[in-house]
Amino acid sequence: MFEGEDFCSGHYSCYVRDGRGYTAQRCAAFKFARHFCKMTYLINSAPVIHRSRSAGCSTKCVARTTSERKESVRDPIDPQEVFDHIKDINDPEHPYSLEQLDVVSQTRVHVDDVSNRICVSFTPTVPHCSMATLIGLSIRVKLLRVLPRRMKIDISISPGSHSSELAVNKQLNDKERVAAALENANLLEKVNLCLKGQTAM
């Protein structure tokens, strides 16, 4: 399980139930955090499932992954295409897509093709979700892999939807932190599981 406030510091957080409810504790080792948190509880044990509003991936979405990403031809990018790429990413702890959990939606995707900029905001299912950084990282990695390199990608948590919104947003848009995180084999494995439609737990 990947959790915590800083995915490059080597420290991870997990929520632990005590007499007062759930409190955050720091786990110094990734292996320990993974084992310990697996043995406690799901962060959101009863998520609300939404009906998928779209089916499959658009022809344009599929075509770009094989040809236009090479940037030999400039073809405009729109919010629908970006959403098509990220809607089927799996939630880290539940067998549902980010679209089904309403973590992402097309209305929260903004594209300025002229300025080569894409902004995606996502909404964790609970305000204390310790999977928020992993979800955001999965979205970023997916878009980096399929969109033209000319696009600058900003990933953020929807305002007011998470208790550590500012800290998570800073991590997700720090190139050095993202690059270092992706050098972590354990973390990269979890990102790839989410991108393949599997849980990372």
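How about the stretch 164-195: which of its residues are outside any helix (DSSP H, G or I) and over 23 Å from Met151 (Cβ atoms)?
Within the stretch 164-195, Ser164, Asn184 qualify.
Using the structure shown, decide if Leu182 is modelled with pLDDT under 95, surrounded by fewer than 21 Cβ atoms within 10 Å (Cβ to Cβ) and not small (Gly, Ala, Ser).
yes
Counting just the residues of the stretch 146-169 that are charged (D, E, K, R) and modelled with pLDDT under 95, which one comes out nearest to Met201 (Cα to Cα)?
Restricting to residues being charged (D, E, K, R) and modelled with pLDDT under 95, the top hit is Arg149.
Being touching a residue at least 60 places away in the same chain (Cβ under 8 Å) and touching a strand residue (DSSP E or B) at 6+ places or on another chain (Cβ under 6 Å) is the filter here; which residues of the stretch 142-177 pass it?
Of everything in the stretch 142-177, those that are touching a residue at least 60 places away in the same chain (Cβ under 8 Å) and touching a strand residue (DSSP E or B) at 6+ places or on another chain (Cβ under 6 Å) turn out to be Leu143, Met151, Val168.
Does the stretch 91-130 hold any residues that are among the small types (Gly, Ala, Ser) and either buried (at least 16 other Cβ atoms within 10 Å of the Cβ) or in contact with a His (Cβ under 7 Å, 6 or more places away or on another chain) (or both), and which are they?
Ser97, Ser105, Ser121, Ser130
Those residues that are of a type in the set (A, V, I, L, M, F, W, C), under 17 Å from Tyr96 (Cβ atoms) and part of a loop (DSSP other than H, G, I, E, B), I need them from the stretch 123-152; list them, please.
Correct list: Val126, Cys129, Met131.
Inside the stretch 26-122, counting only helices (runs of 4 or more DSSP H) that do not spill past its ends, which hold 1 or more residues that are more than 14 Å from the chain's Cα centre (by Cα), among the hydroxyl-bearing types (Ser, Thr, Tyr) and at pLDDT below 95?
Once the helices (runs of 4 or more DSSP H) in the stretch 26-122 are filtered for at least 1 residues that are more than 14 Å from the chain's Cα centre (by Cα), among the hydroxyl-bearing types (Ser, Thr, Tyr) and at pLDDT below 95, what remains is 59-66.
Name the residues in the stretch 178-201 that are free of Cβ contacts under 8 Å to residues at least 24 places away in the same chain and under 11 Å from Ser138 (Cα atoms), would you?
Leu188, Glu189, Asn192
Looking only at the stretch 111-144, how many residues end up being β-branched (Val, Ile, Thr) and under 20 Å from Ile77 (Cβ atoms)?
6
Mind listing just one residue for me: the one in the stretch 120-141 that is in contact (Cβ under 8 Å) with a residue 40 or more places away in the chain, touching a helix residue (DSSP H, G or I) at 6+ places or on another chain (Cβ under 9 Å) and not hydroxyl-bearing (Ser, Thr, Tyr) and, of those, farthest from Glu183 (Cα to Cα)?
Among those residues, the one meeting the criterion is Cys129.
The values are calculated or read from the model by the stated rules, or taken from the named source; none is laboratory data. All figures in this text were calculated on a predicted structure; none of them were measured in a lab. Positions of Cβ are backbone-derived with ideal geometry, glycine not excepted, and every protein chain shown enters the neighbour counts.
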